[in-house]
Amino acid sequence: MSEDGVVRLTAWVRGRVQGVGFRWWTRARARELGLAGWARNLPDGRVEVVAEGSRASCVKLLELLRSCDTPGRVDGVVERWSEARGNLAGFVER
């Protein structure tokens with residue numbers, strides 16, 4: 001993975017993140033950063049975020065997900081970095 005190329009970030013966010021506008025907030029931040037992907041609720045109460053774009057923009061989104069400015073309450077974020085697949089357009093709530 002290049003340091004400045006296009007990457008894929010997958011993040012699993014745990015805490016009180018469902019039913020509080022967290023996916024909408026994430027979509028808005030991702031769009032501001034020019035990222036493509038989605039945010040979706042998982043059955044176990046976490047939110048999964050998949051974003052593709054520049055490494056710098058993905059790092060910024062990850063910082064925002066970990067910040068105190070999110071809706072609800074974030075108790076932790078686990079991340080995985082991988083090669084971009086290039087099959088995403090726009091950023092949506094699933």
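FYI, it's all coordinate maths here, none of it is from the lab. It should be emphasised that the depicted structure is a prediction, and the values quoted were computed from it without experimental measurement. Cβ coordinates were reconstructed from backbone atoms using ideal geometry, including for glycine residues, and neighbour counts include every protein chain displayed.
For the pair Ser82 and Glu48, label points projected 7 Å from Cα toward Cβ lie 1.0 nm apart. The mean of 1/r over all distinct Cα pairs in the chain, once inverted, gives the Kirkwood hydrodynamic radius of 12.9 Å.
Among the GluC sites (Glu not before Pro) within segment 1-89, those in coil by DSSP and having at most 13 neighbouring Cβ atoms inside 10 Å are Glu3.
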